Each structure stands twice: as structure tokens, then as C-alpha cells.
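Everything below concerns the one structure shown next.
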Amino acid sequence: MGPTASVRNATARARGATRLRIRVATGASSSAVVGRLGEAWKVRVRSAPERGRANAEVTRVLADALGLAPRDVRVVAGQASRDKVVEVDGISLEDAERRLASREDRA
């Protein structure tokens, strides 16, 4: 992690936000948190990656899994990539990890 990333992460922590790495699979038959993929959480969404639809669905799926309002979850990096960084307000990293693990799609 370079110095710029450290500054961004410190700023996020100072505001009480948590950052999560996400890997997105679009065009799925259902939307869900699938599980861990290395350091990232894998999320599948039904929406196609066009005009921000998949990003909007990712924020809704994560907000639901974390028990937060959609306005508290936003994509801050990777808007046009399947690898994203999502910033979440109102929850610690430990709580976010625990809640996502409990919502993993076991199908």
C-alpha cells in the first residue's frame, strides 16, 4: 500500500467509515454475498454492468447484509471494474466482517 492509499484509509477511519474490498460478479440469477475471495468479499448481482446499475445493486446488497441504510454504503474505487473498494459508515471492520460472514450464500 502506497502513501496515498494510507492517507485515504486514515481519512476514512477518521470519519468513522470502514473500507471493504469487493469482487463483483454481474448477471447472476440472484443477488447475494457469496463469501470470501482472498482479501475481498465476493458479491453477485443480477444487474448488468451498465449505467451504474450493478454498482447501485452492490450497495443495496451490502447495505442489506450489513443491516445499514443504502445511503451508508458507497463505491469509492473501481466504479468501472469488478474489483471495487466500498466505504461503509456506521460499522466497524470487525462487525462488518462478522455480518458478511453470517450472510454468505451457502447454496
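Any read-out appearing in this document is the output of simple, stated calculations on the displayed coordinates, not a laboratory observation. Fair warning: this is a prediction, and the values are worked out from it, not measured in the lab.
What shape does segment 68-107 take by its C-alpha gyration tensor, where a ≥ b ≥ c are the square roots of the eigenvalues and a/c under 1.5 counts as rounded, a/b above b/c as prolate, and the rest as oblate?
Note, shape of segment 68-107 comes out oblate.
Using modelled backbone amide H atoms (1.01 Å from N, in-plane), which distant-in-sequence or interchain residues come within less than 5 Å of Ala77's amide H?
Close amide H contacts, sequence-distant or interchain: Val85.
Given the convex hull over the Cα atoms of segment 3-102, what projected area results after averaging over all orientations, in nm²?
6.1
Can you list residues from other chains, or at least 5 along the same chain, whose modelled amide H is less than 5 Å from the amide H of Trp41?
Here the answer is Arg21, Ile22, Arg23, since their amide H atoms fall under 5 Å of that of Trp41.
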